[in-house]
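What follows is one structure encoded as C-alpha cells, with my remarks underneath.
The values are calculated or read from the model by the stated rules, or taken from the named source; none is laboratory data. Since we're looking at a predicted model, the values are computed, not measured. Neighbour counts run over all protein chains shown; Cβ positions are idealised from the backbone, glycine included. Please note that ligands, DNA and RNA were not included when accessible areas were found on the heavy atoms of the full protein model with its side chains. Shrake-Rupley method; radii C 1.70, N 1.55, O 1.52, S 1.80 Å.
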Amino acid sequence: MKAIDIHVHPYTEEVLAVTPDWFWGHARKTFNFDGSPITVEDMVRSMDEAGVEMSALLAFDCETTHGWKVSNEVVAQLVAQRPDRFVGFASVDPNKHELAVLELEHAVRDLGMRGLKLHPPTQHFYPNDRAHYPLWAKAEELGIPVLVHTGHNQSGGRMQYGDPTYLDEVALDFPNLKIILAHFGFPWVNQAISVVWIRRNCYLELSGWSPKYIPETVWRYAKGIFPDRVLFGTDAPVMTAARWLKDFEGIALPDDVKHKILYANSRRLLFGDEGGAPGPDSGG
Ligand SMILES: [Zn+2]
C-alpha cells in the first residue's frame with residue numbers, strides 16, 4: 001500500500017550540527033539509532049524500500065527553553081532537493097509570541113512549508129494558554145495543519161504540557177484549524193481518543209511506536225469511529241518506516257481503513273485530495 005509518513009525528523013549533517021545529543025537519547029537507547037547523519041538520497045532510498053511516497057520533514061525551534069533550533073530554512077532546503085518526495089513542516093517557538101507568528105507566515109508563504117509542528121513538553125507551553133492564541137489563529141488563517149506532540153516525552157520534556165486535553169479547547173475555539181495529536185497522547189490515550197472523537201477537526205497520529213505495541217483501543221476507535229482521521233507516522237529516527245509498516249501488516253484492520261491511515265487521510269490534509277485509488281502493493 002502507498003504511504004505518507006507525517007512525522008519525520010531529518011538527521012542530515014546540518015541538522016545534527018545544531019541538535020544536542022540529549023534530543024536523540026531515546027532513539028539511541030531504545031531503537032539503536034547510532035547518531036550518524038544521513039543524506040537526502042539516503043532518505044529517499046529508504047522511503048523507496050519501505051514503500052513511502054512522501055515524508056513530512058519537521059523543523060524544531062526551542063530557542064527560548066533550550067537555546068537551539070533546526071530552522072525552517074534548513075528544512076525547506078532539504079525539501080527543495082526532492083519536492084516530489086518531501087513536504088516541510090515549520091517550527092516556531094511559541095514563547096517568542098509576535099515573532100513566532102511572523103516566522104510562521106514567512107515559512108508558509110515564502111518557504112512553501114505545508115504545516116506547523118509544535119512540541120509543548122520541550123517548548124514549555126500550555127496549548128490553551130490565551131497568550132498563544134494568535135499563533136493558532138495564524139495557522140488557521142494560513143490553512144495549514146498543526147502537528148502537536150501529545151503525551152509524555154522521552155527526551156527530557158516536561159510531561160504536564162503534553163496532556164492532549166488542552167487541545168480540546170483549541171480545537172473548539174479554532175474550528176477550521178486541523179490539529180494532529182502526535183503519538184496518540186500516550187499515556188493519555190483515552191483522552192486523545194476522546195478529543196479526536198468529539199472534535200472533527202482533530203486527528204490521531206501513530207508515530208513513535210511499533211503498531212504491535214499501540215494499545216488495542218486505538219485500533220478499535222480508528223476502525224469504528226474516526227477512520228478518516230488517523231495518520232501513519234514514524235517519528236524517525238525513533239522508528240523506521242520499514243519496521244512500522246512491517247509490523248502494521250499484523251494489525252487486523254480492513255484494507256480500506258489501512259489505506260486511509262497510511263495514505264489517504266494525510267494526502268487530504270496536505271494536498272486537499274485523496275491521491276487516487278490504493279496503489280499496487282509496494283511491499284510496505
Ligand atoms: Zn517527533
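The gain in end-to-end length when the Arg200 to Asp84 segment is fully stretched comes to 38.8 nm, 0.36 nm per residue minus the alpha carbon separation. Remark: the chain is approximated by an ellipsoid whose semi-axes, taken from the C-alpha gyration tensor as √(5λ), come to 25, 22, 19 Å, largest first. If both residues of a DSSP beta bridge must be in the stretch 3-271, then about 10% of such bridges are antiparallel.
Average accessible surface for the stretch 3-271: 39 Å² per residue, computed with a 1.4 Å probe over protein heavy atoms with every protein chain in place. Taking Lys and Arg as +1 and Asp and Glu as -1, the other residues whose beta-carbon sits under 12 Å from that of Glu49 total +1. When the chain is treated as a Gaussian network with alpha carbon springs shorter than 10 Å, the biggest mean-square fluctuation among Ala241, Ala50, Ala192 belongs to Ala50.
Here is how the number arises for the chain: DSSP H runs of 4 or more residues each give -39500 (n - 2.57), the sum is divided by the residue count, and the result at 222 nm is -10500 deg cm²/dmol. Normalised by 2.2 N^0.38 Å, where N is the number of residues, the alpha-carbon radius of gyration of the stretch 1-103 equals 1.12.
Counting 0.36 nm for each residue step from Glu141 to Asp110 and taking away their Cα separation leaves a gain of 9.6 nm. Residues whose amide H lies under 5 Å from that of His7, counting only those 5 or more places away or on a different chain, are Ala56, Thr234, Asp235; hydrogens are built 1.01 Å from N in the peptide plane. Dividing the Cα radius of gyration of the stretch 29-72 by its Kirkwood radius returns 1.07 for Rg/Rh. Label 7 Å along Cα→Cβ of Glu41; the stretch 73-106 residues with amide nitrogen under 14 Å? Only 82 pass the distance filter. Within the straight-line cut-off of under 17 Å between alpha carbons, the lysines reachable from Lys212 are Lys223, Lys246, Lys258, sequence neighbours fewer than 8 places apart in one chain being disregarded. Taking amide H as placed 1.01 Å from N in the peptide plane, Gly115 has its amide H under 5 Å from the amide H of Ala90, each at least 5 places away in sequence or on another chain.
Proximity of backbone amide H atoms, modeled 1.01 Å from N, is registered between Leu231 and Leu204, Glu205, Leu206 at under 5 Å, excluding neighbours fewer than 5 places apart on the same chain.
Gain on full extension, evaluated as 0.36 nm per residue between Glu98 and Thr64 minus their Cα-Cα distance, stands at 10.9 nm. For the peptides 250-257, 65-72, the ranking by packing is 65-72, 250-257, with the highest mean count of neighbouring Cβ atoms within 10 Å listed first. For the stretch 1-39, trypsin sites (Lys or Arg not before Pro) are listed when DSSP marks them as loop and at most 14 other Cβ atoms sit within 10 Å of their Cβ; the list is empty. Descending by average beta-carbon neighbour count within 10 Å, the peptides 33-39, 265-271 line up as 265-271, 33-39, the highest first.
Would you work out what percent of the accessible area of the stretch 3-271, with all protein chains in place, is carbon or sulfur (probe 1.4 Å)?
50 percent
Return the single residue from Pro215, Pro127, Pro227 with maximal mean-square fluctuation; model: Gaussian network over the chain, springs between Cα atoms under 10 Å. Of Pro215, Pro127, Pro227, the most mobile in the Gaussian network model is Pro215.
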